[in-house]
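Structure first, then comments.
Taken together, the values in this text are just the output of simple stated rules run on the coordinates, not laboratory data. As the structure is a computational prediction, the values presented were derived from the model and not from experiment. Here the Cβ positions follow ideal geometry from the backbone for every residue, glycine too, while neighbour counts run over all protein chains shown.
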Amino acid sequence: MAIAIGDKLAGRAALGDRLRQAAEGVVIPTLALIAAMILFGIFVAVSRVDPLELYAVMYRGAFGTWFSWQNTLTRAAPLILTALCTALPAQLGMVIIGGEGALVMGGLAATAAALALPGAPPLAVQLAMALAGMTAGGLWIALAGGLRHYRGVNETISSLLLVYIAIALLNHLVEGPMRDPASLNKPSTRAIGAANMIGSIPGTDIHWGLVFGIIAAVLAYFLVYRTTFGFAARIAGGNMRAAKVVGLAVGRLVLAMCFLGGAAAGLAGMIEIAAVHGRANGNLAAGLGTTGILVAFLARHNPLAVIPVAVLLGGIGASGGLIQRRLGLPDASVMVLQGIIFLMVLASDALYGRIRFFAPRGG
Amino acid sequence: MAVAAAAGTALGWWGVPLGVVAGAVRVSTPFLFVSLGECLTERSGRINLGLEGTLVMGAMTGYGVSYLTGSPWLGVLAAGLVGAVFGATHAAFCSLPRVNDIAIGIALMLFGIGLAFYIGKPLIEPQAAMLPSINLGWWSSVPPLRDALRVNVLFLIGVVLAPALVWGLKNTRWGLILRTAGESADAALALGYSVNLIRLGATMAGGFLAGIGGSFLSLYYPGSWNERLSSGQGITAVALVIFARWDPMLCFWASILFGGAGAFGPALQSVGVTEGYYLFNAAPYILTLLIMIITCSPRRTLTGAPAELSITRS
Amino acid sequence: MAFTRISRRHLLQGTAAIGAAGAIAGLLPGRPAFAGDVVVGFIYVGSRDDYGYNQAHAQGAAALKKVPGVKVVEEENVPETDAVEKTMESMINLDGATLLFPTSFGYYNPHVLKIAAKDPKVRFEHCGGLWTEKDPKNAASYFGYIDEAQYVAGIVAGHTSKTGKLGFVAAKPIPQVLRNINAYTLGAQTANPKITTQVIFTGDWSMPVKEAEAANSLIDQGVDVITCHVDGPKTVVETAARRGIMVTGYHCDQSVLAPKAYLTGAEWNWEGLYPKFGKMFMAGEPIPNFYRGGLKEGLVKVSAYGPAVGEAARKAADDAKAKLMAGGFAIFKGPMTDNKGKMVIASGQAHGQTDPVLERMDYLVEGVVGSTS
């Protein structure tokens, strides 16, 4: 009886600790965000723009109307997927910044798959596209992971170099071997066909990529925090040497995590083709992969946190046009704000465990 | 050369090697300065991926100051100083507990580029005073050769700086302290030095050099300020440091190689080989990756790698 | 550290600020921001002051701003992705824009077509697209035959060149670019039939280091007059001036960048067109869905000749200009072979400027060094 009560008390304390921990994970980034907004407010005040007006305009552009919400969510959709490209390998302590390359390769492969299946039912084409896109993106990043594990090549640098190579390959193919001769002044591949486009979520202008992104993020979360595979990865991420000593198949973990991350970005590429462009061309490399890095770091590589952060950054992107038009601020304002937020959130890492309120109290 | 003589001023196929060499000298300087700066920073045990942002800020600042004062050298100095401030910012954030230097670098890259674009809008149109060049080819009668030998002072400074840094790292007390901080923070601490302070100095010096590298872009080659000026020179230079094994002299050769590889595509096209130019343009990146694959090894830590460097720990 | 203290100290203020921001946003009425005026939106793919493609459009927008009753909103650096769809919709929904100028070629298909189908009450004037009967009626495309101005510039270049070698720094081998390279070369060949134009494709609409490198490679090969077709010609113009060769400009007047080296240039004249379109739109007059024109229609112009242009060059160029202004003169006429020796226009055949065949050009004429792939 006494033991049972003790257990219950301990359970309650543990629950309290867990809640406090969760609260810490929400409160600290929020503080960082507020600090960033204040700093950026001072920054624009120097340019003689009223910070309050700025944030009012930004709010309106990002979340103020139903149209703004759709704008924000449309921009957030690919960011969720490209963020996973950085967040998943990060579980192993790897810093992959090549999501853009995986997105491009994914988009290319998805297009090739669609063009190879003329006349097939749309669902089959779309599945083939997704599969091809994920495989190509996955292999692209797995290459960086493999080079790291088997050759000791730094993955941050190699994944970056692979971005440049992927973009060159894309341009070479869409302006050479894969070019549709009828694509006159905008060299592109042939179109995948209107029937094969994936369209929008009913009642909205937001394409299905958002749903795919959310599903992928949730799956990634379960993989990382609820499976032995994820557990092993996190152990290895904590201490690679110890993981090797314990006998974890680190090489396989590295390849698998990189493949999954790359597959997410590759899927983003497939969605860009199947929901936006309808064919592959140079516009596939529009920096979505690069913004994904930012999303992953701001979410502290937590796949679930990637979703709200992507929405936040999508909102900042959506409001960027409006602050240009209404307040005369340069388009680079968005980058400055993103940079400040990034710095503040990273700096706030130093606060974890420092605020007494969130400290575990035990039983 | 017979062909060239026949055609008067044209060089024909000889233009390809000449173009590559001339291009190497023209294009390599930003890579050289950024990689030398990053080399110093990394030898102290910290990596600064934000040098792309520093480079762009340096380019914008250099151009702006040169435009406002009429003195390109003041522009170079200002670019260096802004770079040092960015370096100090990086070091300050990194000295916080649990803050990851790679992530701070990416954040500063974004911030630096954004800030430079933000402030630099009004500088896209005006023309600023350019850095002068030194004519080392006065003896030649072939105009393209004369022009290839027209080199910028900053390049020459870089040529001197690389061996000087090698010597300084090896033989001076400062060099020793820097290397100690990079090899073992504990040892530096035991010797009574503040690791954070050493790294602050090294990152500021690295930022200073990267800023100057940026000013070369805007004040000499290609010699104007706009938002597409850097196509990743700063971040690629960081890759070159790893490729160059943290050796300033190898950084020099890597920069030359990279610059030359970048000039290969246009040089080939100028003699009529236009097929596959995207792939030729990607040559520097493919080359860097290939050499890294060949020279890296999974079994031993990289020769010359500072032991404290986060990216080389496994 | 200092900033954590700041964030705590300013926490309350910050919260208050956000609260206030939310309140203001809530109070903002849902109507368009600029009541009363016709709101016209301009969207640029690059920077507005690039001395090139985007600046030419921005100058047109500036001219339109002066028309009473017009309010112009502008956004720059908008990529050719769904971002431009959202920008167009944002201008429509949040600014009340009823006339849009998405000025980059890549915006047209699928982005402009998609939004035009969705918002039939808004007029979309796109630069460079090929509007066809299948496309929405509220979408339209206009473009200028700038190859006419390039032809005239080529005549000046051909007369000025001493080495008989011209250089052309181009972005991509697409019809619009190839047509310019060909017209330039054909113009130059009227002065010197043996003249050649060497082409370097940079593969990118804006990449200054590559453009400078291309210009230098060409100059090393003995080119003494150079021109370009990239978004911002500033780099090529300045590089030419520094290396002491001549240059002809593109998109805008770049003579201030190189007063001595600048011979002439092929320019857009959007300052003429946009106020005209704006007034027609306000008066409810129909604007043609497919609108094209050259020197005669005033859509393009030739820069004033620089000091290095000789008397013969001036005269030949003026003659050609007069012929083009009069109409009926065809730049592309047979017999014409491409640089691989293939007959591309048969003898006796001539393609007038309006001939759609020219908008599909996929060859480089004889005398051009380079290939289209």
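Quick notes on this structure:
- In degrees, nearest ten, helix B:283-295 long axis to first principal axis of chain B (Cα): 50 degrees
- Estimated translational diffusion coefficient (Stokes-Einstein, Kirkwood radius over Cα pairs, 25 °C, 0.890 mPa s) of region C:38-144: 181 µm² per second.
- Label zone at A:Ala22, where the point sits 7 Å out along the Cα-to-Cβ direction: region A:219-235 residues whose backbone N lies under 19 Å: A:219-227
- Euclidean distance of C-alpha centroids, region A:215-241 and region B:16-80, integer Å: 41 Å
- Phi-derived couplings, Karplus 6.51 cos²θ - 1.76 cosθ + 1.60 at θ = phi - 60°, listed residue by residue for region C:251-257: 6, 10, 7, 9, 4, 5, 6 Hz, with x used for Gly and Pro.
- Rounded to the nearest 20 debye, the dipole magnitude of the protein assembly as shown is 2040 debye, with +1 charges on Lys and Arg beta carbons, -1 on Asp and Glu beta carbons, and the Cα centre as origin.
- Dipole axis of region A:69-328 (+1 Lys, Arg; -1 Asp, Glu on Cβ), positive-most option in A:Gly137, A:Ile271, A:Ala220: A:Ala220
- Volume per residue of the convex hull around the Cα atoms, evaluated for region A:69-328, comes out as 137 Å³.
- The equivalent ellipsoid of chain C has semi-axes of 42, 26, 18 Å, largest first, where each one is the square root of 5 times an eigenvalue of the Cα gyration tensor.
- Think of chain B as having a plus end and a minus end, set by charges on the Cβ of Lys, Arg, Asp and Glu; of B:Trp246, B:Val160, B:Ser194, B:Ser194 sits farthest toward the positive end of this dipole.
- Filter on A:Lys186/B:Lys121; C:Lys210/C:Lys260; C:Lys121/C:Lys279; C:Lys86/C:Lys118 - keep pairs with C-alpha separation over 22 Å: A:Lys186/B:Lys121; C:Lys210/C:Lys260
- For region C:90-157 versus region B:112-166, the gap between their alpha-carbon centres in whole angstrom: 40 Å
- Simple rule: put +1 on each Lys or Arg Cβ and -1 on each Asp or Glu Cβ in the protein assembly as shown, find the dipole, and look at B:Leu77, A:Leu170, C:Ala212; the Cα lying farthest toward the positive end is B:Leu77.
- Springs join every pair of Cα atoms under 10 Å in this Gaussian network model of chain A, and among A:Thr291, A:Thr135, A:Thr65 the largest mean-square fluctuation is at A:Thr65.
- Packing around the peptides C:131-144, C:223-236, C:316-329, A:164-177, taken as the average count of other Cβ atoms within 10 Å per residue, puts them in this order, highest first: C:223-236, A:164-177, C:131-144, C:316-329.
- Sum of -39500 (n - 2.57) over DSSP H runs of 4+, divided by residues of the protein assembly as shown (222 nm, nearest 500): -19500 deg cm²/dmol
- For the pair region A:244-279 and region A:100-125, the centres of their Cα atoms are 16 angstrom apart.
- Across chain C, the relative contact order, built from alpha-carbon pairs under 8 Å that are at least six residues apart, equals 17 percent.
- Mean sequence separation of contacting Cα pairs (under 8 Å, at least six apart), scaled by the length of chain A, corresponds to a relative contact order of 35 percent.
- Residue ranges A:269-282, C:87-100 sort as A:269-282, C:87-100 when ordered by packing (mean number of other C-beta atoms within 10 Å per residue, highest first).
- Averaged over the residues of A:319-330, the number of partner chain Cβ atoms lying within 10 Å of the residue Cβ comes to 6.
- Across the protein assembly as shown, Cα-Cα distances exceeding 51 Å account for 20% of all pairs.
- Each Lys and Arg Cβ is given +1 and each Asp and Glu Cβ -1; about its Cα centre, chain C then shows a dipole of about 340 debye.
- This model, with +1 at the C-beta of Lys and Arg and -1 at the C-beta of Asp and Glu, gives region A:69-328 a dipole about its Cα centre of some 460 debye.
- Packing-based exposure ordering (other Cβ within 10 Å, fewest first) of B:Arg98, B:Arg43, B:Arg179: B:Arg98, B:Arg179, B:Arg43
- Relative contact order computed over chain B (Cα-Cα under 8 Å; 6+ residues apart), in percent: 35 percent
- Over region B:83-183, volume per residue of the alpha carbon convex hull, in Å³: 182 Å³
- For region B:1-124, the calculated P(r) over all alpha carbon pairs, in 10 Å bins from 0 to the bin holding the longest distance, is 12, 32, 25, 16, 11, 4, 1 percent.
- P(r), alpha carbons of chain B - 10 Å bins starting at zero, rounded %: 7, 26, 33, 23, 9, 2, 0, 0
- Solvent-free Debye scattering, log10 I(q)/I(0), computed from the Cα coordinates of region A:180-260 at q = 0.26 Å⁻¹: -1.17
- Average partner coverage of B:89-101, which counts Cβ from other chains inside 10 Å: 4
- Alpha-carbon Rg/Rh ratio, for region A:228-294, with Rh computed the Kirkwood way: 1.18
- Counting Cβ atoms of other protein chains within 10 Å of each residue's Cβ and taking the mean over peptide A:165-177 gives 5.
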